[in-house]
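Below is one structure, written out as structure tokens; comments come after it.
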Amino acid sequence: MLALKNKATNSLLRSEKKSLLRFLTLYVAMVIFLITLLSLFYYQSQEKLMLSDQRAMLTKYAYIQTRRLKVLHHFFPERVEYPRDPRFKSAIYDLEHMKIFSLLEDENVRFDAEEIYITNGHIHLVKMLDEFYLGTKYLVIEVKDSGAWRGEIWKNIITYGMVVFIFFMLFGLYLAKLFLKPMRDSIVLLDRFIKDTTHELNTPLSAILANIEMMDTDVMVEKNKTKLARINIAAKTVSVLYKDLTYLMLEEDKENHDEEIEIKELIYNRVEYFSVLAQSKHIAYDLDLEETTITMDRRKFTRVIDNLISNAIKYNKRNGTIGIRSREGLLVIWDTGIGIHEEKVPFIFDRYMRFNNSEGGFGIGLSIVKKIVDEYHISIEVDSKEGEGTKMVLRW
């Protein structure tokens with residue numbers, strides 16, 4: 001059961017991986033947005049805390065400078081030298097915000113801002129005076145911003161942000177696995193069912209096909225010939241499904257035995273094999289085959305051709321056409337069938353993906369085709385229009 005579970009987990013789980021990727025992309029975006037928002041709030045709060053600490057010191061400097069201005073005002077014009085202090089810079093402005101005198105390194109004073117603010121690496125405190133010493137209404141005190149507090153804030157943001165991000169990512173992975181567990185269990189259950197079904201199909205299917213081949217239709221009445229033809233059609237349909245199941249569960253990991261394959265000869269052989277199915281829907285073939293070869297495992301190439309032809313028959317319209325064209329390094333198989341909606345084409349190779357519930361099958365044929373062509377570095381292009389048909393183009 002463990003081997004089966006690992007196989008199921010590692011095979012189809014493109015659908016699971018896509019779901020997981022979509023969930024994690026949205027989740028990571030939300031986590032980053034949340035961490036960024038919290039970091040911004042933290043930065044702003046720490047900046048306000050720093051300014052609050054600076055406010056007390058700058059208010060003290062403003063008080064000292066105000067006393068000096070008062071002395072200068074009373075002894076003016078005997079004293080005309082503006083008071084200076086090595087601990088800070090200052091400037092005075094009148095009621096109209098016109099500069100009277102300034103020692104500021106950054107004279108970008110914001111009178112409409114808060115009382116204390118940071119500007120270009122300096123901290124300004126704008127103090128409104130009650131008395132107009134020397135015509136002064138606003139006293140500005142300036143000190144340099146060392147930026148040490150900012151470095152400490154970024155250190156904390158990066159450290160705690162990474163811790164929070166890792167925590168949320170681990171939590172997100174746990175949630176994703178929890179949400180995807182039903183899908184995983186369904187896939188494992190389906191794979192187990194397919195494997196059991198494959199074993200059960202072998203004996204009766206072989207008996208049916210063998211007996212059909214041995215029947216002498218020359219002695220049958222027309223009514224019985226029709227019934228036998230229907231049985232043959234049903235048996236061939238089940239045979240294709242059985243071969244896919246056998247390949248998927250038993251032969252997929254077998255060692256390849258590559259050989260040079262005559263494409264024209266193999267296609268004629270497979271067209272003949274499916275002739276009874278095509279005739280049941282009055283489907284005509286349009287074959288344009290050149291003498292070309294491809295080097296790969298015959299068993300796998302046959303699975304590719306069988307699935308593409310059987311799908312072209314299965315999803316074709318009555319009295320429709322199947323076209324097959326081969327050139328060196330190119331194989332095209334097209335039909336005049338029901339086609340696929342444009343939005344669903346990217347999912348056509350997903351295992352268990354079915355686009356028409358009226359037709360049988362488990363939805364594994366094209367996933368096998370994609371796995372094989374990818375293994376041999378063959379590109380496959382799908383051109384399908386709903387109501388018009390589908391074209392498969394293989395290039396190597």
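The values are calculated or read from the model by the stated rules, or taken from the named source; none is laboratory data. None of these values were measured; they are calculated from a predicted model. For neighbour counting, all protein chains shown are included, and Cβ atoms are generated from backbone atoms with ideal geometry for every residue, glycine included. Just the protein is used for accessible areas: all its heavy atoms, side chains included, with ligands, DNA and RNA removed. Shrake-Rupley method; radii C 1.70, N 1.55, O 1.52, S 1.80 Å.
A few points about this structure:
- For the stretch 27-37, a residue qualifies if it is open to solvent by 80 Å² or more (accessible area, probe 1.4 Å) and either free of Cβ contacts under 8 Å to residues at least 24 places away in the same chain or among the basic types (Lys, Arg) (or both), and the qualifying residues are Met30, Phe33, Thr36.
- Residue that is touching a strand residue (DSSP E or B) at 6+ places or on another chain (Cβ under 7 Å), more than 28 Å from Leu38 (Cβ to Cβ) and touching a residue at least 24 places away in the same chain (Cβ under 8 Å), where the choices are Gly121, Gly135: Gly135
- Residues that are at pLDDT 90 or above, of a type outside the set (Phe, Trp, Tyr) and surrounded by 11 or more Cβ atoms within 10 Å (Cβ to Cβ) number at least 3 in the following strands (runs of 3 or more DSSP E) confined to the stretch 91-201: 99-102, 122-128, 138-144.
- Among the residues making up the stretch 56-84, those that are among the hydrophobic types (A, V, I, L, M, F, W, C) and not in a helix (DSSP H, G or I) are Phe75, Phe76, Val80.
- Meets criteria (exposed (fewer than 14 other Cβ atoms within 10 Å of the Cβ) and touching a Gly at 6+ places or on another chain (Cβ under 9 Å)) for Leu40: no
- Enumeration of residues in the stretch 282-301 that are touching a helix residue (DSSP H, G or I) at 6+ places or on another chain (Cβ under 7 Å), of a type in the set (D, E, K, R) and either in a strand (DSSP E or B) or surrounded by 17 or more Cβ atoms within 10 Å (Cβ to Cβ) (or both): Lys300
- Test: Val221 is modelled with pLDDT of 75 or more and open to solvent by 80 Å² or more (accessible area, probe 1.4 Å): yes
- Verdict on Tyr63 being without any contact (Cβ under 8 Å) to a residue 24 or more places away in the chain and exposed (fewer than 15 other Cβ atoms within 10 Å of the Cβ): yes
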